[in-house]
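Notes follow the structure.
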Amino acid sequence: MKKVSVYVKGDRNSTDYYRIYQYLDKLDGKDCKCVYRMQMVGTAYRKWMPVSGKPIYIKILVYLYIYFRRLRDLLCDCVNPPKILILHRGLIGRYMPYSFRFLLKNIVSRGTKLIWDYDDHIVANGEVSQVVFNEIARLSTHIFLTHEYLKSLLPLDCQQKAMILPTTDGDMYHLYTERLEKERLTLLQKEVILVWVATAGNIKFLESIIPILDETASLLYKLKNQKLILKVVCNIPLSCSCEI
């Protein structure tokens, strides 16, 4: 049975669940044995995240906590290399310590396939630096991402490794029936519904495009008599004003 080391942020938080857990849950114990390497255990993740708004001493404490957990996990995988190492987004913060780079390169050099998954512009939002981004890309065997724009951010010599994997909700598949599809097509004649799902740290990106969405809503209504409806699922409310 293949050993698979899976580096995730927390214990089944939303992005880890829909990008990683929902797929590996179906394979774990059958085709492979998954070992989850979490940055934080569930209680710590719920207590400290997001860390951006916390006092500086909490940020330092969290960094040290993550650093030593990641160091332990990488050392374990050096001693007993997995067949596959799955990395979701980044290992630790914006800048990856040289110790982590050395250990990750060592693991890959011993035959481990590195699968890297990211579903956001993790350089622009400060999760990793451009140097770290390029380095992980070159170490990876396969890279999973959500759309062509994210693929274009990769170094040219790494883009052939990329595979488009949109984020999906596998738990909802049993609800997708022919009747539901017809109802949605009928509804589409009257309104277009956009759903934005994220956390407080990313709401600024939505706020920046509200004027464009407002203009688009006006054009849709004038040209096709359709309403554009935005539904926001977030841990803080969206505060904005629109003309339509």
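Odds and ends about this structure:
- In the context of the full set of protein chains, residues of the chain present 60 Å² of accessible surface per residue (probe radius 1.4 Å, heavy atoms only).
- Candidate lysines for bridging to K231, where Cα separation is under 30 Å - those fewer than 8 sequence places away on the same chain excluded: K9, K47, K54, K151, K182, K190, K204, K222
- Volume per residue of the C-alpha convex hull in the stretch 1-62, rounded to whole Å³: 79 Å³
- Label zone at K26, where the point sits 7 Å out along the Cα-to-Cβ direction: the stretch 144-178 residues whose backbone N lies under 17 Å: 164-177
- Model label points for N106 and Y149, set 7 angstrom from Cα along the Cα-to-Cβ axis, are 4.0 nm apart.
- GNM on the chain, alpha-carbon springs under 10 angstrom: the most fluctuating residue among L223, L24, L187 is L223.
- Scaled radius of gyration (Cα, divided by 2.2 N^0.38 Å) that the stretch 46-179 gives: 1.20
- Packing-based ranking, highest mean first, of 50-57, 154-161, 75-82 given that Cβ atoms within 10 Å are counted: 75-82, 154-161, 50-57
- Taking the DSSP beta bridges with both ends in the chain, the antiparallel portion is around 0 percent.
- Estimated from the Cβ-Cβ distance and a Förster radius of 35 angstrom, the FRET efficiency linking I212 and Y98 is about 0.25.
- Near the amide H of K33, within less than 5 Å, lie the amide hydrogens of K2, K3, V4, all on another chain or at least 5 residues away, with H placed in the peptide plane.
- DSSP-loop chymotrypsin sites (Phe, Trp or Tyr not before Pro) across the stretch 120-217, with at most 14 other Cβ within 10 angstrom: Y176
- Residue-averaged 222 nm ellipticity for the chain, from DSSP H runs of 4+ at -39500 (n - 2.57), nearest 500: -11000 deg cm²/dmol
- Relative contact order %, the chain, counting alpha carbon pairs below 8 Å whose residues are six or more apart: 15 percent
- Mean separation of Cα contacts under 8 Å (6+ apart) over length of the stretch 93-221, as relative contact order %: 18 percent
- Residues V192 and I164, FRET efficiency given R0 of 35 Å [Cβ-Cβ distance, rounded to 0.05]: 0.90
- Taking the convex hull of Cα positions in the stretch 205-244, its mean projected area over all directions (nm²): 2.9 nm²
- Among M96, M40, M172, the residue with the largest mean-square fluctuation in a Gaussian network model of the chain, with springs joining Cα atoms closer than 10 Å, is M172.
- Rounded percent of accessible protein surface that carbon and sulfur make up, the stretch 22-107, 1.4 Å probe: 66 percent
- Straightening the chain between A200 and Q226 buys 6.4 nm, computed as 0.36 nm per residue apart minus the Cα-Cα spacing.
- Annotation: amide H-H contacts under 5 Å for L87 (H modelled 1.01 Å from N, sequence separation of 5 or more, or interchain): Y7, I115, W116, D117.
The values are calculated or read from the model by the stated rules, or taken from the named source; none is laboratory data. Predicted, not measured: the structure shown is a model, and the values here were computed from it. Cβ atoms come from the backbone with ideal geometry, glycine included; neighbour counts cover every protein chain shown. Surface accessibility is based on the protein's heavy atoms, side chains included, excluding ligands, DNA and RNA. Shrake-Rupley method; radii C 1.70, N 1.55, O 1.52, S 1.80 Å.
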